[in-house]
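Only one structure is covered here, and it is reproduced in the block below.
Just so it is clear, none of the values below were taken in a lab; they were calculated from the coordinates. Bear in mind the structure is a predicted one, so any value in this text is a computation, not a measurement. Every residue, glycine among them, receives a Cβ derived from its backbone with ideal geometry; neighbour counts consider all protein chains shown.
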Amino acid sequence: MTDAARFVQDHPYQMLYGLIGLAVLLVINEIRHAIEKAAMRRAFLRPAASIPAATPAAPAAAKTGGALGSLAVAVVILGGAFYVLPFLQGQLGQGGGAAAVAGALTSGTYRGLGSSPLGSADLTLELDLLSSPKQVTLTSPTAGRFRLDGQVTPESGGTYLSGTLVNDQGVGLGTIKAHVTPSRVTGTAGIGPAQWQLDLRR
């Protein structure tokens, strides 16, 4: 998966809002263009003062094709926001090179830091993808041990983890969205008010 696709996957709503804003600006710009063209046509078709006998021609109706075309483009953009983004997120199926790394990700332990504005934390992510159900746990010396209750999705560079982090009593206390490769874990995870950017190594 490319870096752009990973950015979309981690920030779907920001991308959606950006596309909606772009579509609105496009429609407003085309409507303004149509109004300016109509004003120019009326100015050119206005009869000259030196020819009083000439019958003024009726001003041509403003063409709305440009605005309608922009509206159609806006609909396509919004459609892409709802159908292309989920595809990039893996909702319609990721695959590609997933088989090549499946063996490398059957199990593993990743250790490193989770950084946040409030400070850093030592984190450990453990995977056992051969068990049924798959076992994914995140451990923090201060917050404790949590398991993933969510999705483990193969992707071209490894595995994508997303869902809720629950404690031993099954209470959801956090979330995780992380890309796991054979050597590294990146993404975000949070327990309560602590929200970390992950940088874990195998």
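Of note:
- Estimated FRET transfer efficiency when R0 is 41 angstrom, pair R184-I28 (beta carbons, to 0.05): 0.40
- Local charge for V171 was computed over the other residues whose Cβ lies under 12 Å away, with Lys and Arg +1 and Asp and Glu -1, and equals -1.
- Here each label is just a point 7 Å from Cα along the line to Cβ, and for S116 and L130 those points are 3.4 nm apart.
- Each of P182, A121, S132 was scored by the projection of its Cα onto the charge dipole of region 115-202, and the greatest displacement toward the positive side belongs to P182; charges sit on the C-beta of Lys, Arg, Asp and Glu.
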